[in-house]
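S.K.: Can you read through this structure? Questions will come right after.
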């Protein structure tokens with residue numbers, strides 16, 4: 001049963017890692033790419049580390065795994081914030097969120 005839990009956690013971590021990589025490639029802006037890489041990357045690494053803790057099952061490995069997950073949860077948002085501030089302050093072009101006017105004209109009302 002433990003092997004199934006470990007396999008599920010590792011597969012789930014791998015799937016989230018691939019989703020993060022696809023998000024990193026597909027997103028148009030440095031801030032949005034950073035969001036995809038930090039949030040999903042933290043989740044993927046956390047799941048894989050938890051799988052290692054479940055697999056080994058000893059107390060010292062579990063404590064180390066919890067420390068690693070806490071370290072990831074504390075440092076990833078701070079690093080993302082600093083990278084975002086650096087990108088904005090250096091003038092990296094951001095994604096234009098304004099939509100162009102529609103190509104079809106709006107019909108006028110006749111009196």
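The numbers here are math on the coordinates, done by the rules we state, and not lab data. Predicted model, so just to flag it, every value in this text is computed and none were measured. Reconstructed Cβ throughout: ideal geometry from the backbone, glycine too, with neighbour counts over all protein chains shown.
S.K.: On a 0 to 90° scale, report how tilted helix 30-56 is relative to the longest principal axis of the chain, with both axes built from alpha carbons and the result rounded to the nearest 10.
M.R.: 20
S.K.: I need 71, 56 ordered by Cβ neighbour count within 10 Å, fewest first.
M.R.: Ranked by crowding around the Cβ, least crowded first: 71, 56.
S.K.: Let's test the formula: R0 of 25 Å, r as the Cβ-Cβ distance of residue 71 and residue 39. What FRET efficiency results, to the nearest 0.05?
M.R.: E(calc), rounded to 0.05, equals 0.95.
S.K.: Mind telling me which of 36, 86, 51 comes out most flexible in a GNM of the chain, alpha-carbon contacts under 10 Å?
M.R.: Result for the chain, Cα springs under 10 Å: 86 fluctuates most.
S.K.: Can you give the relative contact order of the range 2-89 as a percent, counting alpha carbon pairs under 8 Å and 6+ residues apart?
M.R.: Computed over the range 2-89, the figure is 34 percent.
S.K.: For the chain, with a Gaussian network of springs between Cα atoms less than 10 Å apart, report the residue from 32, 78, 48 with the top mean-square fluctuation.
M.R.: 78
S.K.: Can you sort 34, 82 so the residue with the fewest Cβ neighbours within 10 Å comes first?
M.R.: With the sparsest Cβ surroundings first, the list reads 82, 34.
S.K.: Which angle between 0 and 90 degrees, to the nearest 10, do you get for helix 2-26 versus the longest principal axis of the chain when only C-alpha atoms count?
M.R.: Tilt relative to the chain: about 30 degrees.
S.K.: With axes computed from alpha carbons, what is the tilt in degrees of helix 59-89 against the longest principal axis of the chain, rounded to the nearest 10 within 0 to 90?
M.R.: 20
S.K.: Using a Gaussian network model of the chain with C-alpha springs under 10 Å, which one of 91, 41, 14 is most mobile by mean-square fluctuation?
M.R.: Most flexible of the set in this elastic network: 91.
S.K.: Please find the FRET efficiency linking residue 2 to residue 27, where r is the Cβ-Cβ separation and R0 is fixed at 41 Å, and quote it to the nearest 0.05.
M.R.: FRET efficiency, residue 2 to residue 27: 0.65.
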